[in-house]
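The values are calculated or read from the model by the stated rules, or taken from the named source; none is laboratory data. Note that the structure is predicted; figures quoted are calculated from it, not measured. Cβ coordinates were reconstructed from backbone atoms using ideal geometry, including for glycine residues, and neighbour counts include every protein chain displayed. Calculation scope for accessible area: heavy atoms of the full protein, side chains included, ligands and nucleic acids excluded. Shrake-Rupley method; radii C 1.70, N 1.55, O 1.52, S 1.80 Å.
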Amino acid sequence: MVDHVLAVRCKLGEGPLWDWRAALLHWVDIDLHRIHCFDPASGAHDQAELPVAVGAIGLRAAGGLIAAT
């Protein structure tokens with residue numbers, strides 16, 4: 001069974017990344033130059049808009065994300 005938990009319209013949503021340390025789901029919208037973050041525990045959704053396209057993201061050992069542009 002699949003549940004719809006968040007209504008976000010991405011133009012080209014890619015690269016889901018689960019941050020097990022913070023229990024957050026991240027992904028990119030390549031065409032709209034955004035990095036999304038979803039907290040399934042609270043239902044909160046945040047996004048950062050960048051001046052360039054982001055093709056991929058990864059977790060940093062020291063915390064936070066690194067982005068490939």
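General remarks:
- Taking the numbered list (1) under 17 Å from residue 69 (Cβ atoms); (2) free of Cβ contacts under 8 Å to residues at least 24 places away in the same chain in turn, residue 15 passes all entries but (2).
- From the list 60, 21, the one residue that fits, being without any contact (Cβ under 8 Å) to a residue 12 or more places away in the chain and exposed (fewer than 10 other Cβ atoms within 10 Å of the Cβ), is 60.
- The residues of segment 24-57 that are assigned to a loop (DSSP other than H, G, I, E, B) and open to solvent by less than 50 Å² (accessible area, probe 1.4 Å), listed by number, are 30, 43, 53, 54, 55.
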